[in-house]
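Undergrad: I'd like to ask you about the structure that follows.
The values are calculated or read from the model by the stated rules, or taken from the named source; none is laboratory data. Everything quoted here is computed from the prediction, not taken from an experiment. Here the Cβ positions follow ideal geometry from the backbone for every residue, glycine too, while neighbour counts run over all protein chains shown.
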Amino acid sequence: GEDVEQSLFLSVREGDSSVINCTYTDSSSTYLYWYKQEPGAGLQLLTYIFSNMDMKQDQRLTVLLNKKDKHLSLRIADTQTGDSAIYFCACWGDSSYKLIFGSGTRLLVRP
Amino acid sequence: GAVVSQHPSRVICKSGTSVKIECRSLDFQATTMFWYRQFPKKSLMLMATSNEGSKATYEQGVEKDKFLINHASLTLSTLTVTSAHPEDSSFYICSAAEGQGPKLRSPLHFGNGTRLTVT
């Protein structure tokens with residue numbers, strides 16, 4: 001079945017850039033998402049990219065997609081302590097009509 | 001602002017009782033709604049997909065008689081946990097989207113989740 005993988009933990013210093021990586025297996029994925037989850041809260045849609053794009057930038061967020069390698073990344077510029085949260089990569093499969101989530105990357109921003 | 005509203009945010013119930021969780025789309029027609037369950041420090045597990053006016057499609061291993069899903073209108077879906085047991089304690093999250101199947105329009109918006117505790 002479809003699989004989405006992420007590293008579990010990332011620690012950065014405030015002001016640095018954070019890069020969270022994700023790999024997926026479903027080549028029919030059309031939309032690829034990044035969600036943020038703060039403790040005890042639901043999921044907040046941060047950004048998404050359509051599979052025919054290589055890059056999408058939205059203020060401090062940059063998404064890079066390498067469709068050949070099925071690799072997605074989220075770069076957060078000038079990371080702030082308020083960015084500390086769990087970040088989920090999710091892929092929408094055009095054959096399964098489901099959103100499959102990675103395990104989430106816990107981002108810790110140190111002052 | 002929130003485009004999907006989920007209620008209640010927290011509920012504590014006694015073992016053997018049933019609990020209903022509501023998921024509403026606020027400014028779009030949610031033809032499709034998804035229900036997820038999240039265990040502590042884990043990812044989201046898809047439980048079922050519901051389409052307005054038809055029966056929900058459950059994922060393998062999810063008991064449909066235990067987790068009743070109703071999607072009677074384009075703005076409301078409900079998940080009822082029947083005869084709840086402590087092992088049903090979890091964080092349940094809904095999401096909604098316009099369209100259906102191959103015509104489903106992204107992105108999916110999520111509710112804020114419901115933390116269910118069964119004592």
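Undergrad: Exactly one of these conditions fails for B:Thr82: (1) more than 16 Å from B:Leu104 (Cβ to Cβ); (2) touching a residue at least 12 places away in the same chain (Cβ under 8 Å); (3) within 12 Å of another protein chain (Cβ to nearest Cβ). Give me its number.
TA: (3)
Undergrad: Looking at the stretch B:1-37, which of its residues are outside any strand (DSSP E or B), hydrophobic (A, V, I, L, M, F, W, C) and either surrounded by 19 or more Cβ atoms within 10 Å (Cβ to Cβ) or under 11 Å from the mean Cα position of the chain (by Cα) (or both)?
TA: Of the stretch B:1-37, the ones outside any strand (DSSP E or B) are B:1-3, B:8-9, B:14-18, B:26-31.
Of the ones still in play, those that are also hydrophobic (A, V, I, L, M, F, W, C) are B:2-3, B:26, B:28, B:30.
B:Ala30, the sole residue that qualifies.
Undergrad: Could you list, in sequence order, the residues of the stretch A:26-40 that are assigned to a strand (DSSP E or B) and closer than 18 Å to A:Tyr97 by Cβ? Don't jump to the end; show me each part of the working.
TA: Let us first name the residues in the stretch A:26-40 that are assigned to a strand (DSSP E or B), namely A:29-37.
Residues satisfying the conditions are A:Ser29, A:Thr30, A:Tyr31, A:Leu32, A:Tyr33.
Undergrad: Suppose we filter B:Phe28, B:Phe34, B:Phe67, B:Phe91 for residues that are farther than 21 Å from A:Ser95 by Cβ, of a type in the set (A, V, I, L, M, F, W, C) and facing another protein chain (nearest Cβ under 9 Å); which single one remains? Give the steps one after another, and end with the answer.
TA: Numbers: B:Phe28 fails: facing another protein chain (nearest Cβ under 9 Å); B:Phe34 fails: farther than 21 Å from A:Ser95 by Cβ; B:Phe67 fails: facing another protein chain (nearest Cβ under 9 Å).
Going through B:Phe28, B:Phe34, B:Phe67, B:Phe91 in turn, just one is farther than 21 Å from A:Ser95 by Cβ, of a type in the set (A, V, I, L, M, F, W, C) and facing another protein chain (nearest Cβ under 9 Å): B:Phe91.
Undergrad: Which of the numbered conditions does B:Glu59 fail, given that it passes all the others? Conditions: (1) touching a Lys or Arg at 6+ places or on another chain (Cβ under 8 Å); (2) modelled with pLDDT of 90 or more.
TA: (1)
Undergrad: Name, by its number, the condition in (1) touching a Phe, Trp or Tyr at 6+ places or on another chain (Cβ under 9 Å); (2) under 30 Å from A:Leu8 (Cα atoms) that does not hold for B:Asn112.
TA: (1)
Undergrad: Please go through the stretch A:26-51 and pick out each residue that is at pLDDT 90 or above and β-branched (Val, Ile, Thr).
TA: A:Thr47, A:Ile49
Undergrad: What is the number of the single condition among (1) more than 11 Å from chain B (Cβ to nearest Cβ); (2) surrounded by fewer than 18 Cβ atoms within 10 Å (Cβ to Cβ) that A:Ala41 does not meet?
TA: (1)
Undergrad: Report whether or not B:Thr75 is over 15 Å from the mean Cα position of the chain (by Cα) and either buried (at least 20 other Cβ atoms within 10 Å of the Cβ) or hydroxyl-bearing (Ser, Thr, Tyr) (or both).
TA: On the way: over 15 Å from the mean Cα position of the chain (by Cα): no; either buried (at least 20 other Cβ atoms within 10 Å of the Cβ) or hydroxyl-bearing (Ser, Thr, Tyr) (or both): yes.
Spelling it out, it is not the case that B:Thr75 is over 15 Å from the mean Cα position of the chain (by Cα) and either buried (at least 20 other Cβ atoms within 10 Å of the Cβ) or hydroxyl-bearing (Ser, Thr, Tyr) (or both).
This table checks each residue for (1) touching a strand residue (DSSP E or B) at 6+ places or on another chain (Cβ under 9 Å); (2) buried (at least 19 other Cβ atoms within 10 Å of the Cβ); (3) within 14 Å of chain B (Cβ to nearest Cβ).
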position: A:Asn21; (1), (2), (3): yes, no, no
position: A:Tyr24; (1), (2), (3): yes, yes, yes
position: A:Tyr31; (1), (2), (3): yes, yes, yes
position: A:Trp34; (1), (2), (3): yes, yes, yes
position: A:Gln59; (1), (2), (3): no, no, no
position: A:Leu65; (1), (2), (3): yes, yes, no
position: A:Gly82; (1), (2), (3): yes, no, no
position: A:Ser96; (1), (2), (3): no, no, yes
position: A:Thr105; (1), (2), (3): yes, yes, yes
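Undergrad: Return a yes/no flag: does the stretch B:49-59 have any residue that is touching a residue at least 12 places away in the same chain (Cβ under 8 Å), closer than 13 Å to B:Gly113 by Cα and of a type in the set (S, T, N, Q). Working first, answer last.
TA: Of the residues in the stretch B:49-59, the ones touching a residue at least 12 places away in the same chain (Cβ under 8 Å) are B:49-54, B:56, B:59.
This time we only want the ones that are closer than 13 Å to B:Gly113 by Cα, so: none.
The answer is no; no qualifying residue exists.
Undergrad: Across the stretch B:94-119, what is the total count of residues that are more than 21 Å from B:Arg24 (Cα to Cα), surrounded by fewer than 19 Cβ atoms within 10 Å (Cβ to Cβ) and either of a type outside the set (S, T, N, Q) or more than 14 Å from chain A (Cβ to nearest Cβ) (or both)? Even if it seems obvious, please write down each step before you answer.
TA: Going residue by residue through the stretch B:94-119, those that are more than 21 Å from B:Arg24 (Cα to Cα) are B:102, B:117-119.
Then keep just the ones that are surrounded by fewer than 19 Cβ atoms within 10 Å (Cβ to Cβ); that gives B:102, B:117, B:119.
Of the ones still in play, those that are also either of a type outside the set (S, T, N, Q) or more than 14 Å from chain A (Cβ to nearest Cβ) (or both) are B:102, B:119.
Total satisfying the criteria: 2.
Undergrad: Looking at the stretch B:44-61 only, could you name the residues that are over 25 Å from A:Ala41 (Cβ atoms) and within 11 Å of chain A (Cβ to nearest Cβ)?
TA: B:Asn51, B:Thr57, B:Gln60
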